[in-house]
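Notes for the one structure printed next.
Derivation of every value follows stated rules applied to the coordinates shown; laboratory data play no part. Note that the structure is predicted; figures quoted are calculated from it, not measured. Positions of Cβ are backbone-derived with ideal geometry, glycine not excepted, and every protein chain shown enters the neighbour counts.
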Amino acid sequence: MNLRLRPYKASDATTIVSWIKSEYLMRQWCADRYEHYPVAPEDMNYYHENYIDGDKSRALTMCDGDEILGYITLRVPADDHSEQRIGFVIVDDSKRGRGLGKALVSMAVDYAFAELDATKVSLGVFENNPSAIHCYEAAGFRRVSRPEIEKYECLSETWSCIEMELKFPNSSF
């Protein structure tokens with residue numbers, strides 16, 4: 001495989017939304033960011049046009065040649081660009097179990113440190129998503145405490161987030 005990250009293109013949406021096979025999986029992927037299931041390519045592109053600015057937020061597609069294998073976002077959670085926050089992590093569901101999730105997350109972390117001068121990369125993951133938690137831990141993320149646990153109402157339930165982060169080597173951030 002020759003994996004690479006490139007900027008998201010509107011034409012990627014059809015492939016990416018095809019990986020979301022249920023509303024439960026959609027909510028694990030995006031919480032409440034999309035109003036309805038299924039997410040259509042037009043919904044995804046509308047989100048990008050309105051919320052991904054290329055400066056404080058970026059959307060990246062992982063490819064092997066022309067084949068789209070994953071998607072991830074990075075955003076600045078505050079005015080300090082030294083932290084980048086990962087979101088919307090998804091890989092081709094027909095290729096799970098091959099390390100693509102770890103590769104995608106690791107590539108995004110490398111991008112954040114090398115290209116965006118981040119000293120910390122953070123994320124929130126629902127505690128009911130053990131495969132994602134395992135993926136993030138395999139990529140080097142560690143759980144951290146927050147004063148308040150982030151919670152979302154999803155499918156008539158309250159889902160709690162686990163906060164995780166990865167600091168740049170030798171960073172005192």
Original post:
Reachable lysines from Lys21, Cα under 16 Å, same-chain residues fewer than 8 places away excluded?
Top reply: Lys95
**OP:** For Lys9, list the aspartates and glutamates whose Cα falls under 12 Å from its own Cα; do not include residues on the same chain fewer than 8 positions away.
**Re:** Glu49
Subject >> Inter-label distance for Cys63 and Asp32, nm, one decimal - labels placed 7 Å from Cα along Cα-to-Cβ >> reply: 3.6 nm
**OP:** Multiply the residue separation of Met1 and Thr15 by 0.36 nm, subtract the distance between their alpha-carbon atoms, and state the gained length in nm to one decimal.
**Re:** 3.1 nm
Subject >> Label point at Asp53 placed 7 Å out along Cα→Cβ; residues across the stretch 70-111 whose backbone nitrogen lies under 13 Å >> reply: 75-81
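Kirkwood Rh, the stretch 3-123, all Cα pairs: how many Å?
Working: mean 1/r = 0.0686 Å⁻¹.
Across the stretch 3-123, the inverse of the average 1/r is 14.6 Å.
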Original post:
To the nearest 0.05, how large is the calculated FRET efficiency for His134 and Asp80 if R₀ is 22 Å and r is the Cβ-Cβ distance?
Top reply: 0.15
Original post:
Tally Lys/Arg at +1 and Asp/Glu at -1 over every other residue whose Cβ is under 14 Å from the Cβ of His81; what's the total?
Top reply: -2
